[in-house]
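K.L.:
The following block contains the structure, expressed as structure tokens.
The values are calculated or read from the model by the stated rules, or taken from the named source; none is laboratory data. This structure is a prediction, so every number in the text was calculated from the model and none was measured. So basically every Cβ, Gly included, is an ideal-geometry build from the backbone, and we count neighbours across all protein chains shown.
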Ligand code: ATP
Ligand code: MG
């Protein structure tokens, strides 16, 4: 019995990342992330089939919006809007014609694949027959090596999918499968790139920013809010910790010789972030450091920072040139936010000639003049948090209340264009 083709999105992941016991966790998380990412876009549900996930869609689903949302979900190799049909030959033929309706294409090919080879015709024959069918209906020609359109027909035992436009996904692992990390986010170019790399490897990130309000303006806070809002797209709920650091810096200035201050600031930041990490279940810290980029990023100074804490400090950009980092920042949409002028806390009370090779002894002497435990406790306890959600709560609520799709999309766009600095209130 021929059922009408129903719209869906076929999602493929890299099998290679699915070794061993990770598979169920990976798939469950990817499915859940897809549901969250596509809230309000007309997705009826997510199903698991051999080798792929299927998002079943309402007929009026917003494909452009879906494409954008799914494009932010890590763990996807590629995806494609498709027609889902029963695996019956006349239905397959009709679906291919329906899919191509209204298109002009100079050349094409058919690529049929049979999972478990249940479909009664061999793939070659399917390709030939469907190719001939298309040639009868469209002014086009076959090009097997470089077709303008590659018409794919995936035949599974209980259903089939036909599609043409495969969209490359962002790759990586689904956010959540690798646990949690705490990223030091400065408002500069490097740290958002570093944090996103960990998201791409499946980590949920807690974002920690140190500011010197009221000694300096609050511009850096506005920047990190915009950055976290941007990066929240990949993990759906993201928390930003804002740590007042000015008072702590003042105490450092009173006790620590000028050349060592930057190293001591960094060690205090690392310790405070570690305290926050432990509260949240994060197992490692992340920074945007790149070896030799500035005085504070020599091997010696990096070692001094690492020694201050009892958990791994991940530095995904350590071997990356500034130019490469900038390219990546542009590609992920953080560069424009990062280059807004601001006053970073590290510009406060910083000497002209910081120590580039701080020894462990010199740092220990300097810190002996401070009450480090109290400073760390004060920093961690005085931090405030803000939570950012994607999709914006407003859009998800609108879809839950069953508003007309058109209203819903207008609503979402408004939310998308809302003031970037406005955090979504915590529930
Ligand atoms: P970025 O572009 O990330 O600011 P940078 O090249 O300016 O890096 P530094 O300013 O020396 O280098 O900072 C090195 C790292 O220390 C940053 O990548 C970030 O992880 C952390 N860091 C620096 N300042 C802050 C801050 N105010 N709040 C949180 N983390 C910070
Ligand atoms: Mg910086």
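K.L.:
Take the conditions closer than 14 Å to residue 163 by Cβ and more than 21 Å from the chain's Cα centre (by Cα) and apply them to residue 11. Does it pass? Working first, answer last.
P.N.:
Details: closer than 14 Å to residue 163 by Cβ: yes; more than 21 Å from the chain's Cα centre (by Cα): no.
It is false that residue 11 is closer than 14 Å to residue 163 by Cβ and more than 21 Å from the chain's Cα centre (by Cα).
K.L.:
Please tell me if residue 62 is over 23 Å from residue 198 (Cβ atoms), crowded, with 16+ Cβ neighbours inside 10 Å and at pLDDT 95 or above.
P.N.:
The answer is no for residue 62.
K.L.:
Mind checking whether some residue in the range 244-266 is out of contact with any strand residue (DSSP E or B) (no Cβ under 9 Å at 6 or more places or on another chain), free of Cβ contacts under 8 Å to residues at least 12 places away in the same chain and buried (at least 20 other Cβ atoms within 10 Å of the Cβ)?
P.N.:
No: zero hits.
K.L.:
Test of understanding: among 239, 230, 197, 201, which residue is touching a strand residue (DSSP E or B) at 6+ places or on another chain (Cβ under 7 Å) and within 24 Å of residue 78 (Cβ to Cβ)?
P.N.:
Working: 239 fails: within 24 Å of residue 78 (Cβ to Cβ); 230 fails: touching a strand residue (DSSP E or B) at 6+ places or on another chain (Cβ under 7 Å); 197 fails: touching a strand residue (DSSP E or B) at 6+ places or on another chain (Cβ under 7 Å).
Result of the check over 239, 230, 197, 201: 201.
K.L.:
Here is a further query. Could you tell me which residue of the range 128-150 is nearest to residue 204 (Cα to Cα), considering only residues that are surrounded by fewer than 16 Cβ atoms within 10 Å (Cβ to Cβ) and touching a helix residue (DSSP H, G or I) at 6+ places or on another chain (Cβ under 7 Å)?
P.N.:
Going through the qualifying residues, I end up with 142.
K.L.:
Hey, can you tell me all the residues within the range 329-352 that are in a helix (DSSP H, G or I), modelled with pLDDT under 85 and surrounded by 20 or more Cβ atoms within 10 Å (Cβ to Cβ)?
P.N.:
To start, the set of residues in the range 329-352 that are in a helix (DSSP H, G or I) comprises 329-331, 335-338, 345-347.
Among the residues that remain, those that are also modelled with pLDDT under 85 are: 345-347.
Residues satisfying the conditions are 345, 346.
K.L.:
Among the residues that make up the range 173-188, is at least one of them within 20 Å of residue 337 (Cβ to Cβ), modelled with pLDDT under 95, more than 10 Å from ligand 1 (Cβ to nearest atom) and not assigned by TED's automatic domain parsing to the domain that holds residue 126?
P.N.:
No: the range 173-188 contains no residue that is within 20 Å of residue 337 (Cβ to Cβ), modelled with pLDDT under 95, more than 10 Å from ligand 1 (Cβ to nearest atom) and not assigned by TED's automatic domain parsing to the domain that holds residue 126.
K.L.:
Now for a separate question. Quick test of your reading of the structure: residue 113 fulfils all but one of (1) under 20 Å from residue 52 (Cα atoms); (2) touching a strand residue (DSSP E or B) at 6+ places or on another chain (Cβ under 6 Å); (3) in the same structural domain as residue 226 (by TED's automatic domain parsing). Name the failing condition by number.
P.N.:
(3)
K.L.:
State all residues of the range 240-261 that are part of a loop (DSSP other than H, G, I, E, B) and more than 15 Å from ligand 1 (Cβ to nearest atom); if no residue qualifies, say none.
P.N.:
Matches in the range 240-261: 256, 257.
K.L.:
Do the conditions hold for residue 380, that is, is it at pLDDT 95 or above, assigned by TED's automatic domain parsing to the domain that holds residue 209 and surrounded by 15 or more Cβ atoms within 10 Å (Cβ to Cβ)?
P.N.:
Numbers: at pLDDT 95 or above: yes; assigned by TED's automatic domain parsing to the domain that holds residue 209: yes; surrounded by 15 or more Cβ atoms within 10 Å (Cβ to Cβ): yes.
For residue 380, the condition - at pLDDT 95 or above, assigned by TED's automatic domain parsing to the domain that holds residue 209 and surrounded by 15 or more Cβ atoms within 10 Å (Cβ to Cβ) - is met.
K.L.:
Which of (1) surrounded by fewer than 16 Cβ atoms within 10 Å (Cβ to Cβ); (2) modelled with pLDDT of 55 or more; (3) not in a loop (DSSP other than H, G, I, E, B) does residue 357 not meet, given it meets every other one?
P.N.:
The failed condition is (3).
K.L.:
Could you grab me the full set of residues in the range 34-58 that are under 15 Å from residue 115 (Cα atoms) and either out of contact with any strand residue (DSSP E or B) (no Cβ under 6 Å at 6 or more places or on another chain) or not in a strand (DSSP E or B) (or both)?
P.N.:
Matches in the range 34-58: 48, 49, 50, 51.
K.L.:
Quick check, is residue 175 within 16 Å of ligand 2 (Cβ to nearest atom) and not in a strand (DSSP E or B)?
P.N.:
no
K.L.:
Still on this model: Pick out the one residue from 272, 326 that is more than 23 Å from residue 180 (Cβ to Cβ), touching a residue at least 60 places away in the same chain (Cβ under 8 Å) and either buried (at least 21 other Cβ atoms within 10 Å of the Cβ) or within 16 Å of ligand 2 (Cβ to nearest atom) (or both).
P.N.:
On inspection, the qualifying residue turns out to be 326.
K.L.:
Identify the residue in the range 264-298 that is in a helix (DSSP H, G or I) and modelled with pLDDT under 95 and, among all such residues, is farthest from the chain's Cα centre (by Cα).
P.N.:
295
K.L.:
Say whether the condition of being assigned to a helix (DSSP H, G or I), within 14 Å of ligand 1 (Cβ to nearest atom), more than 22 Å from the chain's Cα centre (by Cα) and within 17 Å of residue 344 (Cβ to Cβ) is met by at least one residue in the range 315-325.
P.N.:
The answer is no; no qualifying residue exists.
K.L.:
Do you know which residues across the range 98-117 are in a helix (DSSP H, G or I) and under 15 Å from residue 152 (Cβ atoms)? It would help to see each step written out before you state the result.
P.N.:
Residues of the range 98-117 in a helix (DSSP H, G or I): 98-100, 115-117.
Scanning the range 98-117 gives 98, 99, 100, 115.
K.L.:
Can you tell me which condition residue 153 does not meet? The list is (1) in the same structural domain as residue 95 (by TED's automatic domain parsing); (2) surrounded by fewer than 24 Cβ atoms within 10 Å (Cβ to Cβ), and all the others hold.
P.N.:
(2)
K.L.:
Would you confirm whether or not the range 215-223 contains a residue that is assigned by TED's automatic domain parsing to the domain that holds residue 279, within 16 Å of ligand 2 (Cβ to nearest atom) and touching a strand residue (DSSP E or B) at 6+ places or on another chain (Cβ under 8 Å)?
P.N.:
There is at least one residue in the range 215-223 that is assigned by TED's automatic domain parsing to the domain that holds residue 279, within 16 Å of ligand 2 (Cβ to nearest atom) and touching a strand residue (DSSP E or B) at 6+ places or on another chain (Cβ under 8 Å).
K.L.:
Check whether at least one residue in the range 205-223 is more than 12 Å from ligand 1 (Cβ to nearest atom), part of a loop (DSSP other than H, G, I, E, B) and under 18 Å from the mean Cα position of the chain (by Cα), and report yes or no.
P.N.:
Checking the range 205-223: not a single residue is more than 12 Å from ligand 1 (Cβ to nearest atom), part of a loop (DSSP other than H, G, I, E, B) and under 18 Å from the mean Cα position of the chain (by Cα).
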